[in-house]
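Novice: Dropping the structure in here first, questions after.
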Amino acid sequence: HRHLLGIEGLSAEDILILLDRAEGAVEVSRQIEKKRTTLRGRTLINLFFESSTRTQSSFELAGKRLGADVMNMSVQTSSVKKGETLIDTAATLNAMRPDIIVVRHAQAGAAHLLARKVDCSVVNAGDGAHEHPTQALLDALTIRRNKGRIEGLTVAICGDILHSRVARSNIILLSTLGARVRVVGPSTLMPAGIERMGVESFRDMKSGLAGADIVMMLRLQRERMNGGFVPSSREYFRFFGLDAEKLGYARKDALVMHPGPMNRGVEIDSNIADGPRSLIREQVEMGVAVRMAVLAALAEHLPNE
Ligand code: CP
């Protein structure tokens, strides 16, 4: 593969190769002095049209730890603010001959469009409510490190499924690797026909979490609810916020995940987010290793200089 645009289209073997590579990168990702040379002489551009803390910084660190020159395009102070389009911005950056562009954009399909317009590799760092492939890979790596497997596990993805690219990428990846995937949330935040993705869908936490090995909480994406139904935080927390009582519905050894950013007291209680069953910090740590694995895999397909 020359690009990583989504989990859709990857085989179980493709995914397992990336997870094994990422596992091998965990130690190196922790030690900056063990910097590798896989991407020496290569240029990586981070092009984020939507805000990010985790994804952008971990792609920057991953690129640097592999020896690449990393440029963070500051969209807020770029000519995008003067009306330049995604495609014209891409063409401008393309003329500077980068090797890899990592792009995040509010429109679904933006990464695919960009990949058709530039000569370099493109990595999707989140396109609207469509896909966020490296998030799903780091979630899978975190699950595998803690549960020893993915196949046969029951994973409950809870909350705003409708607006979530993380949910979509995780549903595809986890199903491909043989997990049973459930989605849990109010009907107003559930895409019509979600069952066609091979998931079971639930409208309440008690039945949705029963027997779950992994409880993955999602943020209410208010920025994507333009004109639609917006639940109040208090009411949402009462019915769908993960607290000790609701976590009690899941298996006794169930672990809790959240891709971040979290809204404490809305979809998750602080005691759970910071508690012994939370994998949230490990997810962030695995983000660097997974992005190193993805960049190194793409580097094998870059033309020689
Ligand atoms: N999980 C995630 O994509 O976080 P950021 O928006 O901070 O990158």
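Each reported figure results from applying straightforward, stated rules to the coordinates on display, with no laboratory input. If you're wondering where the values come from, they're calculated on a predicted model, not measured in any experiment. Reconstructed Cβ throughout: ideal geometry from the backbone, glycine too, with neighbour counts over all protein chains shown.
Novice: When only C-alpha pairs under 8 Å and at least 6 residues apart count, what is the relative contact order of region 1-104, in percent?
Specialist: On the way: 99 pairs, mean separation 32.7, N = 104.
Relative contact order here is 31 percent.
Novice: Can you flag which of Lys82/Lys117; Lys81/Lys117; Lys35/Lys81 are past 30 Å Cα-Cα? Please report the intermediate quantities before stating the final value.
Specialist: Values: Lys82/Lys117 21 Å; Lys81/Lys117 21 Å; Lys35/Lys81 36 Å.
Check vs 30 Å cut-off fails for Lys35/Lys81.
Novice: Quick one: which residues, 5 or more positions from Gln107 or on another chain, have an amide H under 5 Å from its amide H? H modelled 1.01 Å from N in the peptide plane, none for Pro or chain starts.
Specialist: Placed amide hydrogens put Gly128 under 5 Å from Gln107.
Novice: In addition: Among rounded, prolate and oblate, which fits region 111-198 when a ≥ b ≥ c are the square roots of the eigenvalues of its C-alpha gyration tensor, a/c under 1.5 means rounded, and a/b larger than b/c means prolate?
Specialist: oblate
Novice: If I model the chain as equal point scatterers sitting on the Cα atoms and use the Debye formula, what is log10 I(q)/I(0) at q = 0.11 Å⁻¹?
Specialist: Relative scattering, expressed as log10 I(q)/I(0), comes to -0.65.
Novice: What FRET efficiency do you get for Arg277 and Arg149 if R0 is 25 Å and r is their Cβ-Cβ distance, rounded to the nearest 0.05? Write down the numbers at each step before the final one.
Specialist: Details: r = 18 Å, r/R0 = 0.73.
With R0 = 25 Å, the Cβ-Cβ based efficiency is 0.85.
Novice: If you don't mind, another one. Let me check I have the definition right: for region 22-85, take the eigenvalues of the Cα gyration tensor, multiply each by 5, take square roots. What are those semi-axes in whole Å, largest first?
Specialist: The three semi-axes for region 22-85 are 27, 13, 8 Å.
Novice: Right, another one. Let me have the relative contact order for the chain, percent, based on Cα pairs under 8 Å that are six or more residues apart.
Specialist: It comes to 22 percent, rounded to a whole number.
Novice: Still on this structure, I have one more. Check cross-link reach from Lys246 to the lysines: straight Cα distance under 28 Å, and skip same-chain residues fewer than eight apart.
Specialist: Here the lysines satisfying the reach criterion relative to Lys246 are Lys147, Lys206.
Novice: Ok, one more. Output ³J(HN,Hα) for region 156-171: one whole-Hz value per residue in order, computed from phi by the Karplus curve 6.51 cos²θ - 1.76 cosθ + 1.60 with θ = phi - 60°, and x for Gly and Pro.
Specialist: 9, 9, 10, x, 7, 5, 3, 9, 9, 6, 5, 4, 4, 5, 5, 4
Novice: Hey, another quick one. In terms of the ratio Rg/(2.2 N^0.38 Å) built on C-alpha atoms, what value belongs to region 218-305? Each step should come with its number before you reach the end.
Specialist: Working: Rg = 17.9 Å, N = 88, 2.2 N^0.38 = 12.1 Å.
Taking N as the residue count of region 218-305, the ratio is 1.48.
Novice: If you take the square roots of the eigenvalues of the alpha-carbon gyration tensor of region 166-260 and sort them as a ≥ b ≥ c, do you get rounded (a/c under 1.5), prolate (a/b over b/c) or oblate?
Specialist: Taking the square roots of the gyration eigenvalues as a ≥ b ≥ c, region 166-260 is oblate.
Novice: Then there is this: Sticking with the crude label model, points 7 Å out along Cα→Cβ, report the distance from Asn226 to Asp20 in nm, one decimal please.
Specialist: Label-label distance for Asn226 and Asp20, simple model: 4.5 nm.
Novice: I'd like to know which of Gln76, Ala296, Pro186 lies farthest towards the positive end of the charge dipole of the chain, counting +1 on Cβ of Lys and Arg and -1 on Cβ of Asp and Glu.
Specialist: Of the options given, the answer is Gln76.
Novice: If you line up the long axis of helix 12-30 against the longest principal axis of the chain, both from Cα atoms, how many degrees apart are they, to the nearest 10?
Specialist: 80 degrees
Novice: Out of residues 5 or more away from Ser201 or on other chains, whose amide H comes under 5 Å of its own, with H placed 1.01 Å from N in the peptide plane?
Specialist: Answer set, sorted by chain and number: Val183.
Novice: OK, next. Would you calculate the volume per residue, in Å³, of the smallest convex hull containing every Cα atom of region 1-154?
Specialist: Output value, Cα hull per residue: 124 Å³.
Novice: As an exercise, identify the trypsin sites (Lys or Arg not before Pro) in region 1-39 lying in DSSP coil whose Cβ has no more than 16 other Cβ atoms within 10 Å. All intermediate terms of the calculation are to be shown ahead of the outcome.
Specialist: Numbers: sites: Arg2, Arg21, Arg30, Lys34, Lys35, Arg36; in loops: Arg2, Lys35, Arg36.
Those that pass, being in a loop and sparsely packed, are Arg2, Lys35, Arg36.
Novice: Just order 161-174, 39-52, 219-232 by mean Cβ neighbour count inside 10 Å, highest at the front, would you?
Specialist: 161-174, 39-52, 219-232
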